[in-house]
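K.L.:
Have a look at the structure that comes next, please.
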Amino acid sequence: MMNRKKLILTALSLIIATGAFAQSASTAKLRKYVDYFNSIDNEAVKNHVNNAQSFDWLSQNVPLLECPDEVLEQNYYYRWWSFRKHLVKTPEGFIFTEFIEPVKHAGKYNSISCALGHHIYEGRWLKNTEYLKEYVDFWLYHADVGQTKQRFHQFSSWVDDAVYQNYLVHPDKAYLNKIVPALDADYSKWEKERQLKDGLFWQFDVKDGMEESVSGSRKDENRRPTISSYMYGNAKALVEIGTIIGDKALVQKYTAKAANLKKIVQDSLWDSKDSFFKTKHPNAQFARAREAIGFIPWNFDLPADQPQYAKAWDQLLDTAGFKAPWGLTTAERREPTFRTRGSGHGCEWDGALWPFASSQTLKGLSNLLTNYKHHGKMTPKVFYDELHQYAKSHQMNGKPYLGEYQDEKTGEWLKGDHPRSKFYNHSTFCDLVINDLIGIKPRLDNAFGFYPLIPEGQWDWFLLDNVTYHGKTLTLLWDKTGKKYNKGKGLRVYANGKEIYQSAKLKPAVIKLK
């Protein structure tokens, strides 16, 4: 009885301490959106958390958002609501699926490794940390068991990087110690399977999850910016993981690998004529076209901080480059064979919009604006506008929708309302809002970085609540006039209901948890 009373009192004290943020505005928003999404869904597939349970699960697990941009806000909740649909409890632990309906090329339990990095980046903001641990364990220890072909290496992966990014939000040194041998062995396996004598990695476009691309092939061993960037990110992550667990040999080993990859990607995959990272064919010739995969090196801060590399981002604003009415294309629009492969496989990456690529490009842009001094023509306004357009693209017939890929001019989902494409879990969105737009940058120490990309004057207020970080619950509240939330003007940050930071402006800071 005493334990039960203590729990009730603790819960009540937390509600009081947080100023009822989560109990009022943000929770009410969540309820409104969940009721709406449930009402337009026939729920053809029910996994671990069905629609009837979705409000309770989401309110317990995800950060809650309130902001003036209704398009972005609605899609933020739609993406969490959709992400929840893909949580599957299997005999070998929890996993997140990519397709809501079973597909032939999947492994056990409809598992596919292609978007694993995206799933971890998005899922790191969930309060329940066991989901991602079991999901990572599934791929490291179970996915290939009993299979006639390998499943984990069915697609390129930045899993080590994603595991490290998850650790920064939810530190768990014991878990890192457990999985490091498997991560190390996995990296070595990629080297054996895909590394060339010059040190670069090669990949078929289909094994990047980007089939029928302008530069790619299902047969040619192309040096693609994708896989070499992923492996660089993985090597960097293993350096950090080795440092955390005190493994000096691991640190030394992967420091050398990361340095080598950084050099050869810049030396070999940068086309100085077109000022872009490009695919290189086996004959050592660059592919003719620029593709969105040329922005991926910035996902891992690979390019040097120099104006020559920042110039690549000029193509983001060029309507002959990647800028289209409905979003960012996967190949430059000036390419003569742009969108000409539509009568073939049915998953064309030769120009159409793919959420997978859009989220990668936006992450790279965020890193450029946050971690680099040379930004070229890029500004927070560019990031905001493209994120807003990305949110706006999540619709069909005026209702929220997430599918595989879209026409760049009209936003038409090119597979229509196909059951297999619906709720396609192949990208991130919520992470881009939390980590990039609002700018919570996780750190190893007892603090977090705050580097917002909200353009000056864009928002007079916002509330991000119920953010689980380093075992604490954070609330970030911005109120330019002080009249929206009546807590005073400016930015206020709370940890477990206690104010730990305030500022008159939205400006970069390192905020100690105290």
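The values are calculated or read from the model by the stated rules, or taken from the named source; none is laboratory data. It should be emphasised that the depicted structure is a prediction, and the values quoted were computed from it without experimental measurement. Using ideal geometry, Cβ is built from the backbone for each residue, glycine included, and neighbour counts are taken over all protein chains shown.
K.L.:
Lys441: within 27 Å of Tyr164 (Cβ to Cβ), assigned to a loop (DSSP other than H, G, I, E, B) and either in contact (Cβ under 8 Å) with a residue 40 or more places away in the chain or of a type in the set (Phe, Trp, Tyr) (or both), yes or no?
P.N.:
In short, no.
Each row is one residue, and each column tells you yes or no for (1) surrounded by 24 or more Cβ atoms within 10 Å (Cβ to Cβ); (2) at pLDDT 95 or above; (3) not in a helix (DSSP H, G or I).
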| position | (1), (2), (3) |
| --- | --- |
| Glu193 | no, yes, no |
| Asp198 | no, yes, yes |
| Met210 | yes, yes, yes |
| Thr226 | yes, yes, no |
| Gly233 | yes, yes, no |
| Gly242 | no, yes, no |
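K.L.:
Moving on. Which members of region 408-449 meet the condition of being touching a Pro at 6+ places or on another chain (Cβ under 9 Å), more than 17 Å from Pro508 (Cα to Cα) and not small (Gly, Ala, Ser)?
P.N.:
Of everything in region 408-449, those that are touching a Pro at 6+ places or on another chain (Cβ under 9 Å), more than 17 Å from Pro508 (Cα to Cα) and not small (Gly, Ala, Ser) turn out to be Glu408, Lys409, Thr410, Arg420, Tyr424, His426, Thr428, Phe429, Cys430, Leu444.
K.L.:
In the set Ile454, Ile500, which member is crowded, with 16+ Cβ neighbours inside 10 Å, without any contact (Cβ under 8 Å) to a residue 24 or more places away in the chain and among the β-branched types (Val, Ile, Thr)?
P.N.:
Answer to the check: Ile500.
Okay, residues lined up against (1) outside any helix (DSSP H, G or I); (2) hydroxyl-bearing (Ser, Thr, Tyr); (3) over 16 Å from Ser359 (Cα atoms):
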{"site": "Lys377", "(1), (2), (3)": "yes, no, yes"}
{"site": "Val382", "(1), (2), (3)": "no, no, no"}
{"site": "Tyr390", "(1), (2), (3)": "no, yes, no"}
{"site": "Thr410", "(1), (2), (3)": "yes, yes, yes"}
{"site": "Asp417", "(1), (2), (3)": "yes, no, yes"}
{"site": "Lys422", "(1), (2), (3)": "yes, no, yes"}
{"site": "Asn425", "(1), (2), (3)": "yes, no, no"}
{"site": "Trp459", "(1), (2), (3)": "yes, no, yes"}
{"site": "Leu464", "(1), (2), (3)": "yes, no, yes"}
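K.L.:
Can you find a residue that is surrounded by fewer than 21 Cβ atoms within 10 Å (Cβ to Cβ), within 29 Å of Lys236 (Cβ to Cβ) and of a type in the set (Asp, Glu) anywhere in region 111-134?
P.N.:
Yes, region 111-134 contains at least one residue that is surrounded by fewer than 21 Cβ atoms within 10 Å (Cβ to Cβ), within 29 Å of Lys236 (Cβ to Cβ) and of a type in the set (Asp, Glu).
K.L.:
With respect to Thr97, is the statement that it is buried (at least 22 other Cβ atoms within 10 Å of the Cβ) and β-branched (Val, Ile, Thr) true?
P.N.:
Yes: the conditions hold for Thr97.
K.L.:
Please identify the pairs in which a residue from region 200-216 that is under 20 Å from Pro355 (Cβ atoms) and among the hydroxyl-bearing types (Ser, Thr, Tyr) has its Cβ atom under 6 Å from the Cβ atom of a residue that is in a helix (DSSP H, G or I) and at pLDDT 95 or above, counting only partners at least 6 apart or on another chain.
P.N.:
Going by the 6 Å Cβ cut-off, the qualifying pairs are Ser213/Asp205.
K.L.:
Can you name the residue in region 152-166 that is of a type in the set (S, T, N, Q) and in a loop (DSSP other than H, G, I, E, B) and, of all such residues, is surrounded by the fewest Cβ atoms within 10 Å (Cβ to Cβ)?
P.N.:
Ser157
K.L.:
Considering Trp326, Trp298, Trp313, which residue is modelled with pLDDT of 95 or more, closer than 22 Å to Tyr424 by Cα and not hydroxyl-bearing (Ser, Thr, Tyr)?
P.N.:
Trp326
K.L.:
Something else about it: Within region 56-77, track down each residue that is in a helix (DSSP H, G or I), among the hydrophobic types (A, V, I, L, M, F, W, C) and under 14 Å from Asn466 (Cα atoms).
P.N.:
Listed by number, the residues that qualify are Trp57, Leu58.
K.L.:
In the list Asn446, Asn367, Asn425, which residue meets the criterion of being under 21 Å from the mean Cα position of the chain (by Cα) and either surrounded by fewer than 19 Cβ atoms within 10 Å (Cβ to Cβ) or closer than 29 Å to Lys173 by Cβ (or both)?
P.N.:
So the residue among Asn446, Asn367, Asn425 that is under 21 Å from the mean Cα position of the chain (by Cα) and either surrounded by fewer than 19 Cβ atoms within 10 Å (Cβ to Cβ) or closer than 29 Å to Lys173 by Cβ (or both) is Asn367.
K.L.:
Also, I was wondering about something else. Taking the criterion of being farther than 30 Å from Asp267 by Cβ, aliphatic (A, V, I, L, M) and in contact (Cβ under 8 Å) with a residue 40 or more places away in the chain, would at least one residue in region 149-168 satisfy it?
P.N.:
yes
K.L.:
While we're here: Against the definition (over 26 Å from Asp301 (Cα atoms), at pLDDT 95 or above and of a type in the set (A, V, I, L, M, F, W, C)), how does Phe338 come out, yes or no?
P.N.:
Yes.
K.L.:
Which one of the conditions (1) surrounded by fewer than 18 Cβ atoms within 10 Å (Cβ to Cβ); (2) free of Cβ contacts under 8 Å to residues at least 40 places away in the same chain does Thr90 fail to meet, given that it meets all the rest?
P.N.:
(2)
K.L.:
Still on this structure: Taking region 308-359 as the region of interest, how many residues are assigned to a helix (DSSP H, G or I) and either surrounded by fewer than 19 Cβ atoms within 10 Å (Cβ to Cβ) or in contact with a Phe, Trp or Tyr (Cβ under 6 Å, 6 or more places away or on another chain) (or both)?
P.N.:
So the count comes out to 7.
K.L.:
Based on this model, can you work out whether Arg288 counts as more than 26 Å from Lys262 (Cα to Cα), part of a loop (DSSP other than H, G, I, E, B) and either modelled with pLDDT under 95 or not aliphatic (A, V, I, L, M) (or both)?
P.N.:
No.
K.L.:
Could you pull out the residue among Thr475, Thr468, Thr410 that is surrounded by fewer than 23 Cβ atoms within 10 Å (Cβ to Cβ), among the polar types (S, T, N, Q) and more than 30 Å from Ser157 (Cα to Cα)?
P.N.:
Only one candidate qualifies: Thr410.
Let's see how each residue does on (1) in contact with a strand residue (DSSP E or B) (Cβ under 7 Å, 6 or more places away or on another chain); (2) assigned to a loop (DSSP other than H, G, I, E, B):
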position: Arg79; (1), (2): no, no
position: Phe83; (1), (2): no, no
position: Val103; (1), (2): no, yes
position: His119; (1), (2): yes, no
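K.L.:
When region 141-161 is examined, which residues are found to be among the polar types (S, T, N, Q) and touching an Asp or Glu at 6+ places or on another chain (Cβ under 7 Å)?
P.N.:
Gln150, Ser156
K.L.:
Only one of Val251, Val265 is surrounded by fewer than 19 Cβ atoms within 10 Å (Cβ to Cβ) and either touching a strand residue (DSSP E or B) at 6+ places or on another chain (Cβ under 6 Å) or not in a strand (DSSP E or B) (or both); which?
P.N.:
Val251
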